[in-house]
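Read the structure below first, then the notes.
The values are calculated or read from the model by the stated rules, or taken from the named source; none is laboratory data. Since this is a predicted model, take the numbers as computed values, not measurements. Positions of Cβ are generated from backbone atoms using ideal geometry, with glycine treated the same way; all protein chains shown enter the neighbour counts. Quick note on the areas: whole protein, heavy atoms, side chains included, nothing else; ligands and nucleic acids left out. Shrake-Rupley method; radii C 1.70, N 1.55, O 1.52, S 1.80 Å.
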Amino acid sequence: MTVNEESTLDTNTISEVLINQRGDIPKIRKYLSHTIHTINSLKYVIDDGFAPEEAFEILDEDLPNGPSVSDKNAFIDDIVHQISYFNSIKKNSSMKVQLLVVNTNKCRLFHEDFYRQRLLCTYMGPGTEWLDHNNVNRNALGKGCNDKIVKNMSLINRANTFDVILLKGANYSEDTQGIVHRSPPIEHERSIRVLLKIDE
């Protein structure tokens, strides 16, 4: 389902994944292509209120400069926009924000996490994969075999680069199943992913 960037995320009624499908964002793509070998993973815990201007300043200091100031600012603006949105819908007082630079298959197994909800945006590389509830064998979770977890491999969902997705976790509510998902395997392709992850 496609929504424009300024609207709230729409609901996928099968898997209860909220998704904002976005096309290529050239300024961010150019910034990352120039800085990918100098960016480090970043982690912040926000538990005393969120100030967008302060977040922009911190990210500006922590992220490397590229050839274009406007390209870097576009990247930071987008991250701050996603944090602001998540802050507006969370119920708990704190959230954990991570910008991850990933080049391994560490999270290649489909799994369900014990957060309330999580926002993900892949800025570089293949996007997060997830399963509709009716495509999961939940008895196989945690046993190390995707072939037993996934009922039909041809029905795996994948976000595109720059898409924003919102996943419900196991702690969302007593009557809600968490979304079973994974990071796509990338080691064999020697790919690098840049991923924004915000957890409640």
Inset, instruction - Between the alpha-carbon centers of the range 25-45 and the range 58-137, tell me the distance in whole angstrom. - result: 12 Å
Inset, instruction - DSSP loop (so not H, G, I, E, B), at most 11 other Cβ within 10 Å: list which GluC sites (Glu not before Pro) in the range 18-83 pass both filters. - result: none
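On average, how much area does the Cα convex hull of the chain cover when viewed from any direction, in nm²?
11.4 nm²
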Inset, instruction - Excluding residues on the same chain fewer than 8 positions from Lys151, give the lysines whose Cα lies under 25 Å from its Cα. - result: Lys106, Lys143, Lys168
Inset, instruction - Just reorder Met124, Met153 by solvent-accessible area, largest first, 1.4 Å probe, all chains present. - result: Met153, Met124
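How many percent of Cα pairs in the range 48-146 exceed 22 Å?
When all Cα pairs of the range 48-146 are counted, 46 percent exceed 22 Å.
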Legend entry - With all protein chains modelled, accessible area of His111 [1.4 Å, Å²]: 50 Å²
Legend entry - Rounded accessible area of Lys96 (nearest 10 Å², 1.4 Å probe): 70 Å²
